[in-house]
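Structure record follows, encoded as structure tokens.
The values are calculated or read from the model by the stated rules, or taken from the named source; none is laboratory data. Small disclaimer: the values here were computed from a predicted structure and weren't measured. Reconstructed Cβ throughout: ideal geometry from the backbone, glycine too, with neighbour counts over all protein chains shown. The area values use the complete protein model at the heavy-atom level, side chains included, leaving out ligands, DNA and RNA. Shrake-Rupley method; radii C 1.70, N 1.55, O 1.52, S 1.80 Å.
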Amino acid sequence: MILEGIVTTIAPDGSLNIAPMGPIVDADMRRLILRPFKSAQTYRNLKEHGEGVFHVTDNVLLLAQAAVGEVNPVPEVERATYILGYILSECARFHEFRTTKIDDAQDRTTIEAEVVHSGSRGDLLGFNRAKHAVLEAAILATRTMLIPREEIDAEFRKLKVIVEKTGGPQEHAAFRHLEDYVHQAQAQGRA
């Protein structure tokens, strides 16, 4: 099963990278398969350092920001217990992991990892329809160079209705952030 969440990794210069990621997970959350592109900072960090933290969260504003650029402000973090890395203070669950195998023969890599420590930080409120819509919009926003502009625009119009009907302030802000990004990408010819 693919479980959407946030992965934190450490760059060679020591800086924190926060990225949305949907790894394939097993039922007991002991193994992860991540599929970042070679162009992703997450791939470069894991290739260099081999450790990270996968977070389960329903914070779609953080997910939207991380999907299309830098997160601002950077969320509060704590040092991980068993790896060199950081845990988002506001997450439902976290899974510290170490890579066991990296196959980067293709542009989209396959990184296998084992979870070495797990814990929880709070309750998962859950996903309403608006949170799901923001998640889908974030995925579309990361593919502006791959999906025709008309298709992205049509999907965004459908998703916007859901967010407007069922979302709260966080979902509205996240969707606006993604809309702004897509419009800017289209204006700059990146779509």
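Details
- Restricting the range 143-178 to residues that are buried (at least 17 other Cβ atoms within 10 Å of the Cβ) and in contact (Cβ under 8 Å) with a residue 40 or more places away in the chain, the residue that is farthest from Leu61 (Cα to Cα): Thr144
- If you go through the range 163-182 and keep only what is in contact with an Asp or Glu (Cβ under 9 Å, 6 or more places away or on another chain) and of a type in the set (Val, Ile, Thr), you end up with Val163, Val182.
- Taken over the range 30-59, residues that are open to solvent by less than 30 Å² (accessible area, probe 1.4 Å), closer than 15 Å to Glu114 by Cβ and either among the β-branched types (Val, Ile, Thr) or modelled with pLDDT under 95 (or both) amount to 1.
Conditions (1) in a loop (DSSP other than H, G, I, E, B); (2) loosely packed, with under 15 Cβ neighbours inside 10 Å; (3) of a type in the set (D, E, K, R); (4) at pLDDT below 95, marked per residue:
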| position | (1), (2), (3), (4) |
| --- | --- |
| Ile6 | no, no, no, no |
| Gly14 | yes, yes, no, yes |
| Ile18 | no, no, no, no |
| Asp28 | yes, yes, yes, yes |
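- Options Ile152, Ile139; residue that is within 25 Å of His55 (Cβ to Cβ), part of a helix (DSSP H, G or I) and not polar (S, T, N, Q): Ile139
- Single residue of the range 92-123 satisfying the filter (open to solvent by less than 10 Å² (accessible area, probe 1.4 Å) and in a loop (DSSP other than H, G, I, E, B)) that is modelled with the lowest pLDDT: Ala92
- Residue within the range 64-81 that is of a type in the set (Gly, Ala, Ser), loosely packed, with under 14 Cβ neighbours inside 10 Å and over 15 Å from the mean Cα position of the chain (by Cα) present: no
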